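The values are calculated or read from the model by the stated rules, or taken from the named source; none is laboratory data. Keep in mind the model is a prediction, meaning the values are calculated, not measured. Quick reminder, even Gly has a Cβ in these numbers, built from the backbone with ideal geometry, and neighbours come from all protein chains shown.
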Amino acid sequence: MTRYRVKEEPPETLTDDYLTGRLTKNAFLDIEHAPEERSLGWVEFFNHLGANFNPATYRFGGLLAFTLRLDSRKVPARTVARYYAVREARVVEQTGRRPNSRTKKQLKETVRSELLQRALLNTELMEAAWLFRENEIWLAAAGEKKRETFEELWSRTFGLALQMLVPVTAGLELLSGDLRKALLDLKSSPIWLGR
């Protein structure tokens, strides 16, 4: 679980029109039968195949919930090179000459596109809950790459800055008075272990 604080107020109140529009604009697009390598977008919290957003799909009491979906696939460069060599040999056999650089580039892209469509998709899902009264986001994921993926989609969707809450920052929020001031005023210094 990763927790974030939303550092600024949304540009509009969190109306259903605002949320539905933002989520729909950044909804997940299926690439099952397309040559794309990656698709990133929002899907419904309880239906990871659906992106038909309306308040019933994301409003649950005092929180907003939606799921990030990332589909990706790769074709190893050696595989592309192998299939390209076969295709190039076929062109040479048919035309009697080697293709020029422009034709080679187009041929390689065609081969890569065809192989991508045959490659299996890897699907990652990350549920997010926006506790809007507390101004917090709870992300059911950890790890730097997953956080970066979430932050990319969050920024593109809502344009609001996030601050990750680590134990130190969360603990400081609970403190007040002289102790809080003393901790914030501390200067870092090296710690020497040993004699």
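Per-residue answers, yes or no, for (1) loosely packed, with under 12 Cβ neighbours inside 10 Å; (2) modelled with pLDDT under 65; (3) closer than 20 Å to Lys25 by Cβ:
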{"residue": "Met126", "(1), (2), (3)": "no, no, yes"}
{"residue": "Trp138", "(1), (2), (3)": "no, no, no"}
{"residue": "Ala141", "(1), (2), (3)": "no, no, no"}
{"residue": "Thr149", "(1), (2), (3)": "no, no, yes"}
{"residue": "Thr169", "(1), (2), (3)": "no, yes, no"}
{"residue": "Ser176", "(1), (2), (3)": "yes, no, no"}
{"residue": "Lys181", "(1), (2), (3)": "yes, no, no"}
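For every residue, the table says whether it meets (1) over 23 Å from Phe158 (Cα atoms); (2) under 19 Å from the mean Cα position of the chain (by Cα).
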site	(1), (2)
Asn54	no, no
Arg59	no, no
Ala65	no, yes
Leu68	no, yes
Asp71	no, yes
Val75	yes, no
Val86	yes, no
Arg90	yes, no
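Cβ separations smaller than 8 Å between residues 6+ apart or across chains give the following pairs from the stretch 20-39 residues that are among the aromatic types (Phe, Trp, Tyr) to residues that are assigned to a loop (DSSP other than H, G, I, E, B) and surrounded by 14 or more Cβ atoms within 10 Å (Cβ to Cβ): Phe28/Ala51. When Gly62, Gly96 are checked against the criterion of being in the same structural domain as Leu14 (by TED's automatic domain parsing) and among the small types (Gly, Ala, Ser), a single residue qualifies: Gly62. The single condition among (1) assigned by TED's automatic domain parsing to the domain that holds Asn52; (2) at negative phi that Asn135 does not meet is (2).
Among helices (runs of 4 or more DSSP H) lying entirely in the stretch 1-110, which contain 1 or more residues that are in contact with a helix residue (DSSP H, G or I) (Cβ under 6 Å, 6 or more places away or on another chain) and surrounded by 14 or more Cβ atoms within 10 Å (Cβ to Cβ)? Show your work before the answer.
Details: elements: 16-25, 55-58, 77-95.
Passing ranges, in order: 16-25, 77-95.
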